[in-house]
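Following: one structure in structure tokens, then a few remarks.
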Amino acid sequence: MDWQGQKLAEQLMQILLLAFAVVAFATGYISGSFQMMVLIYAVGVVLTTLVTVPNWPFFNRHPLKWLDPSEAEKHPKPQEAVSAKKKPAKK
Amino acid sequence: MHSFGYRANALLTFAMTILALMCTLASLSDNFNSPTPSAHVKVVNINRFQKQPKGNDEVSMQLNISADLQSLFTWNTKQVFVFVAAEYETLKNSLNQISLWDGIIPSKEHAKFWIHTSNKYRFIDQGSNLRGKEFNMTLHWHVMPKTGKMSADKIVMSGYRLPDEYR
């Protein structure tokens with residue numbers, strides 16, 4: 001996943017879980033059935049897992065722009081100085 | 001959120017925390033319930049009233065126990081444990097409490113009941129103080145929730161008296 005995708009996944013996860021929890025509690029309380037609440041919430045957890053955990057394509061809509069390899073060769077990494085007496089090599 | 005395992009872990013942890021919160025809320029919702037239970041215990045007959053060889057009095061009696069505990073049940077109630085106890089005072093003890101009968105009510109439908117039975121547990125005194133003794137019958141109940149704190153209460157019924165002589 002790219003960075004935007006990760007942020008989206010985290011937000012989706014939190015919102016979906018909270019929404020399912022609210023719906024589950026309300027349904028259970030109104031219908032007077034504890035089992036109903038746990039069931040709805042369990043379904044919600046499974047659904048949220050299917051939506052946010054796998055690496056779906058819509059999480060990769062802002063791919064990272066890596067530097068092109070030919071461009072990278074023109075800017076080599078700086079060499080460390082071997083001793084202080086030697087002059088630093090110029091390029 | 002960079003890997004499958006990371007996301008799965010975050011999701012499961014968050015889901016568990018929310019579940020704990022929901023259970024707390026469910027337990028707190030029980031406070032909105034104001035129960036109105038009622039009960040009556042009638043001593044139909046004293047079957048036996050003897051002094052044991054060891055010197056302790058023993059009573060065996062027929063009881064009619066009727067109760068309506070339906071208002072104790074909420075969506076968060078697993079079962080209600082109910083028991084009937086006889087309470088009286090002696091010179092030696094300021095309070096004697098003897099459980100005579102108990103039962104488990106698994107659901108609201110079973111909470112309104114009427115039962116005719118002899119005492120399930122033996123009514124034996126510490127000594128021989130029971131002749132002519134006035135005692136109270138108390139019906140206790142413990143409400144056991146699906147999640148949360150157990151609560152208990154009782155109804156005290158007075159006006160019972162044992163015979164003056166052994167039978």
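What number comes out for the charge environment of A:Met1, summing +1 per Lys or Arg and -1 per Asp or Glu over other residues with Cβ under 15 Å away?
Every neighbour counted, the sum reads +1.
Pop out a list of residues from the stretch B:133-162 that are at least 20 Å² less accessible with all the protein chains around than in their chain alone; 1.4 Å probe, no ligands or nucleic acids counted.
With the partner chains in place, the stretch B:133-162 has these residues losing at least 20 Å²: B:Lys146.
Residues of B:5-12, mean number of Cβ from any other protein chain within 10 Å of their own Cβ, rounded to a whole number?
5
Give me the angle, in degrees from 0 to 90, between the Cα long axis of helix B:4-29 and the longest principal axis of the Cα atoms of chain B, rounded to the nearest 10.
Orientation of helix B:4-29: about 40 degrees from the principal axis.
For the stretch A:23-62, list whatever residues lose no less than 20 Å² of accessible surface once every protein chain is in place, relative to that chain by itself, with the probe at 1.4 Å.
The answer is A:Phe25, A:Tyr29, A:Gly32, A:Phe34, A:Met37, A:Tyr41, A:Val45, A:Val53.
Tell me the per residue accessible area of chain B using a 1.4 Å probe; a whole number in Å² is fine.
Result: 56 Å² of accessible area for each residue.
On the accessible surface of the stretch B:1-57, probed at 1.4 Å, how many percent belong to carbon and sulfur atoms?
62
Within a Cβ distance under 10 Å of B:Leu63, other residues only, what is the Lys/Arg minus Asp/Glu net charge?
So the surrounding residues net to +2.
Between B:Met144 and B:Thr90, what's the calculated FRET efficiency when r is the beta-carbon distance and R0 is 35 Å? Round to 0.05.
0.60
Before we go on, tell me the buried accessible area for the A/B pair, both chains summed, 1.4 Å probe, in Å² to the nearest 100.
Summing both sides, the interface buries roughly 2000 Å².
Cα centroids of the stretch B:100-167 and the stretch A:1-74: how far apart, whole angstrom?
The two parts, judged by their Cα centres, are 55 Å apart.
Could you give the angle, 0 to 90 degrees to the nearest 10, between helix A:34-52's Cα long axis and the longest principal axis of the Cα atoms of chain A?
Approximately 30 degrees, to the nearest 10.
Run through the stretch B:77-167 and list the GluC sites (Glu not before Pro) located in a DSSP loop whose Cβ has at most 12 other Cβ atoms within 10 Å.
B:Glu165
For the Cα atoms of chain A, what angle does the longest principal axis make with the long axis of helix A:3-31, in degrees from 0 to 90, nearest 10?
Long axis of A:3-31 versus the principal axis of chain A: about 10 degrees.
Restricting to the protein assembly as shown, compute how many DSSP beta bridges are antiparallel as a %, nearest 5.
Approximately 100 percent, going by the DSSP bridge assignments.
Taking 7 Å along the Cα-to-C-beta vector as the label spot, tell me the B:Arg167-A:Val46 distance in nanometres, rounded to one decimal.
A separation of 6.2 nm, rounded to one decimal place.
The values are calculated or read from the model by the stated rules, or taken from the named source; none is laboratory data. For clarity, every value in this text was computed on a predicted model and none was experimentally measured. FYI the Cβ positions are ideal-geometry reconstructions off the backbone, even for glycines, and counts take in every protein chain you see. Note: accessible area is taken over every heavy atom of the protein model, side chains too, but ligands, DNA and RNA are not part of it. Shrake-Rupley method; radii C 1.70, N 1.55, O 1.52, S 1.80 Å.
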